[in-house]
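Step one of this worksheet: look at the structure below.
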Amino acid sequence: MNSTSNNPIGVFDSGIGGTSIWKEINTLLPNENTIYLADSKNAPYGQKSEEKILELSIKNTEILLEKNCKVIVVACNTATTNAIQYLRENYNVPFIGIEPAIKPASINTKTKNIGILATKGTLNSGLFTATSSNINKEVTIIEQIGEGLVELIEKGDLTSKKMTDLLTDHLQKLIKHNIDYLVLGCTHYPYLIPQIREVIGTDITIIDSGQAVAKQTKRVLENNNLLNIKNTKVKHRFYTNTTTKVLEFVLGNNQNYTIENLNF
């Protein structure tokens, strides 16, 4: 066992969306301590320049390293696609990133049309372009920027008429292309799955990256001899630079966690 194996897994996102990833990690690795950094003040990253996204990702990384995190999960598609290469080259800790799950969708599609709902920052990134260019050339990827969705989710506004109207408009632009897979390319979007399902029906498969990221996190810990095998009480610490209310809402009351404000 590595001497740092009891250290926490660090997770950061441009707000609360990455908690959808955190939940999958916690389910698969219940013996691991975690620290989650919600940079809600700067959400969404998807509307920012590549330089700004890199600056924010560096800031988040250094906070998590100060808190002795043994690995860092970049639980944000935009930060992964724009910053993870730099982070891996400049920090001596394993990083796990998030990419839209277009590969499994492209393998399983029958209509040869898959839709992706993501932020502008993800869709315009070099990594997404490289990834999408490597899929089966017979498959068409229809892209839709989920403009305005993250901002509403950050307010805990999941079911209002404004959200319903905005989401319906985005999804209708994808549905008309005869898609049979919808890839959620933002960690915030899994919280909208019930509303998405109401719009797209049951014939279109919704796919996100949560379980795949959790499995990759486990592999990275195993490969680096960092799995926590100590029989100690697990701690989950959440930090946000805005109100704690939305984090409390999405996490519920059944977890052993603390939520604190942190000025970052």
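In segment 1-19, of all residues being open to solvent by 20 Å² or more (accessible area, probe 1.4 Å) and among the polar types (S, T, N, Q), the one that is nearest to A79 (Cα to Cα) corresponds to N7.
In segment 95-114, the residue that is farthest from V220 (Cα to Cα) out of those that are touching a residue at least 60 places away in the same chain (Cβ under 8 Å) and of a type in the set (D, E, K, R) is K110. Looking across segment 119-141, the residues that are buried (at least 19 other Cβ atoms within 10 Å of the Cβ) and of a type in the set (A, V, I, L, M, F, W, C) come down to L123, F128, I141. Sub-7 Å Cβ pairs linking a first residue in segment 115-139 that is under 16 Å from D208 (Cβ atoms) to a second residue that is surrounded by fewer than 17 Cβ atoms within 10 Å (Cβ to Cβ) and of a type outside the set (A, V, I, L, M, F, W, C), at least 6 apart or interchain, are G115/H177, ordered by first then second residue. Filtered by the rule that a residue be touching a residue at least 12 places away in the same chain (Cβ under 8 Å) and open to solvent by 40 Å² or more (accessible area, probe 1.4 Å), segment 142-167 gives E143, I145, E147, E151, K155, T159, T164, L166.
Looking across segment 190-242 at every residue that is part of a helix (DSSP H, G or I) and charged (D, E, K, R), the one that is surrounded by the most Cβ atoms within 10 Å (Cβ to Cβ) is identified as K218.
Out of curiosity, is E151 modelled with pLDDT under 95, part of a loop (DSSP other than H, G, I, E, B) and among the charged types (D, E, K, R)? Against the criterion (modelled with pLDDT under 95, part of a loop (DSSP other than H, G, I, E, B) and among the charged types (D, E, K, R)), E151 does not qualify. Screening N178 against (1) free of Cβ contacts under 8 Å to residues at least 60 places away in the same chain; (2) surrounded by fewer than 20 Cβ atoms within 10 Å (Cβ to Cβ) leaves a single unmet condition, (1). Can A83 be described as part of a helix (DSSP H, G or I), in contact with an Asp or Glu (Cβ under 9 Å, 6 or more places away or on another chain) and without any contact (Cβ under 8 Å) to a residue 60 or more places away in the chain? Considered against the rule, which asks whether it is part of a helix (DSSP H, G or I), in contact with an Asp or Glu (Cβ under 9 Å, 6 or more places away or on another chain) and without any contact (Cβ under 8 Å) to a residue 60 or more places away in the chain, A83 comes out as yes. Answer yes if at least one residue in segment 73-90 is within 30 Å of V139 (Cβ to Cβ) and of a type in the set (D, E), and no otherwise. Checked segment 73-90: no residue is within 30 Å of V139 (Cβ to Cβ) and of a type in the set (D, E). How about segment 117-136: which of its residues are at pLDDT 85 or above and out of contact with any Lys or Arg (no Cβ under 9 Å at 6 or more places or on another chain)? Across segment 117-136, the qualifying residues are L117, A118, T119, K120, T122, L123, N124.
The values are calculated or read from the model by the stated rules, or taken from the named source; none is laboratory data. It should be emphasised that the depicted structure is a prediction, and the values quoted were computed from it without experimental measurement. A quick note on method: Cβ atoms are made from the backbone with ideal geometry, for glycine too, and the neighbour counts reach across all protein chains shown. These accessible areas exclude ligands, DNA and RNA; they are computed on the full protein's heavy atoms, side chains included. Shrake-Rupley method; radii C 1.70, N 1.55, O 1.52, S 1.80 Å.
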